[in-house]
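Engineer: Would you mind keeping the following structure in view while I ask a few things?
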Amino acid sequence: MREATVTALHSKWERVLLALAGTDAGRRMTARFAARRGADAWAARTLEATLQTGAEVTAPTCGALGTFAEARRRGLRTVLMHDLPMLRPMHADLDRAALVHPRCAFLRRYRAPASMVARQEAEYVLADVIHVRGHFAREQLMARGIPAARLRALPSPEGPMPTRRAGNGQNMHRVMLLAGLATARNGTMELRAALAAQPRWTAVVRAGEGLDPPDLLAHPRIRVATRAEIERLDGIDVVVAPSWCESHAPEVARAAWLGVPVVATHRAAGFIDLAVAGVEIAPGDAAGLAAALDMLGRRAA
């Protein structure tokens, strides 16, 4: 079996099960885990003995355990594509957010099973190289004893960036885009609190399954973002990502690429250097978000 066949199998099974799962986040995660476990089991059983020592086997996180165990038995190099959040830190972050915002039901809605957390962490031991999506995951893995030499940046799926039209320039009213879906885990509560302190700002968001709080769009200065605002950041002055847990919203990387300031938590910044691209805030820090908006607004005036 060639490396491409292993990774393609995971992708094919996952697309099918995700389509059947619909839009519910819990069902989608259950489907994703099932697809990865199934593809992993099949690949481990059918890994060809004809692969020479020194060949490379690549698999995604939560779908690599059996394949890697067999690959290592055969003396093959193993490469883990860590394209999902680290489950144990994510659970802890969601629990912490749920304590701060007890009325946000979606913060308590789904946790991966303990068996999947253990599977993910066992894969770290079997991986010769781990590709991660950001500084946060890299630091978490190093804290677990994974040497930096085994860690690489996961290639970005983004293609060439579209041409962006200018933001609001000298207008008194400014527009920020919330990165990711408009959920409490992505910082909607902090966004709303920051708007109360910054009356010259409007927020645009991506609404979808898990909108939390449910009355978010009733706020007079929060509306659904247009496609141009999301995909090209047309008219957007700042992209904000006050996420409580590890996240990788494409709007963050897009903003850095296009030169739009980013205000984000370390967990949401990927590999972006916020000291250069914008401002870093702590999870749950609505006052810090408001202060960053005030500073960026004054700087642009």
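The values are calculated or read from the model by the stated rules, or taken from the named source; none is laboratory data. Quick caveat, the model's predicted, so the values are computed rather than measured. A quick note on method: Cβ atoms are made from the backbone with ideal geometry, for glycine too, and the neighbour counts reach across all protein chains shown. SASA here: full protein model, heavy atoms, side chains in, ligands and nucleic acids out. Shrake-Rupley method; radii C 1.70, N 1.55, O 1.52, S 1.80 Å.
Engineer: So, for segment 200-279, what is the accessible surface per residue at a probe of 1.4 Å, expressed in square angstrom?
Structural biologist: It amounts to 37 Å² per residue over segment 200-279.
Engineer: Order of 88-98, 106-116, 250-260 by packing, highest average Cβ count within 10 Å first?
Structural biologist: By packing density, highest mean first, the sequence is 250-260, 88-98, 106-116.
Engineer: Contour minus end-to-end for His173 and Ala153, with contour as 0.36 nm per residue of separation and end-to-end as the Cα-Cα distance?
Structural biologist: 3.4 nm
Engineer: At 0.36 nm per residue, minus the direct Cα-Cα distance, what do Arg96 and Ala287 gain on full extension? Give it in nm, one decimal, please.
Structural biologist: Extending this stretch completely gives an extra 67.0 nm.
Engineer: Does segment 217-301 come out rounded, prolate or oblate, given a ≥ b ≥ c as the square roots of the eigenvalues of its C-alpha gyration tensor, rounded meaning a/c under 1.5 and, failing that, prolate meaning a/b above b/c?
Structural biologist: The shape class here is rounded.
Engineer: Please work out the FRET efficiency for the pair Ala300 and Met142, using the Cβ-Cβ distance as r and a Förster radius of 41 Å; give the result to the nearest 0.05.
Structural biologist: Efficiency, from the Cβ-Cβ distance: 0.65.
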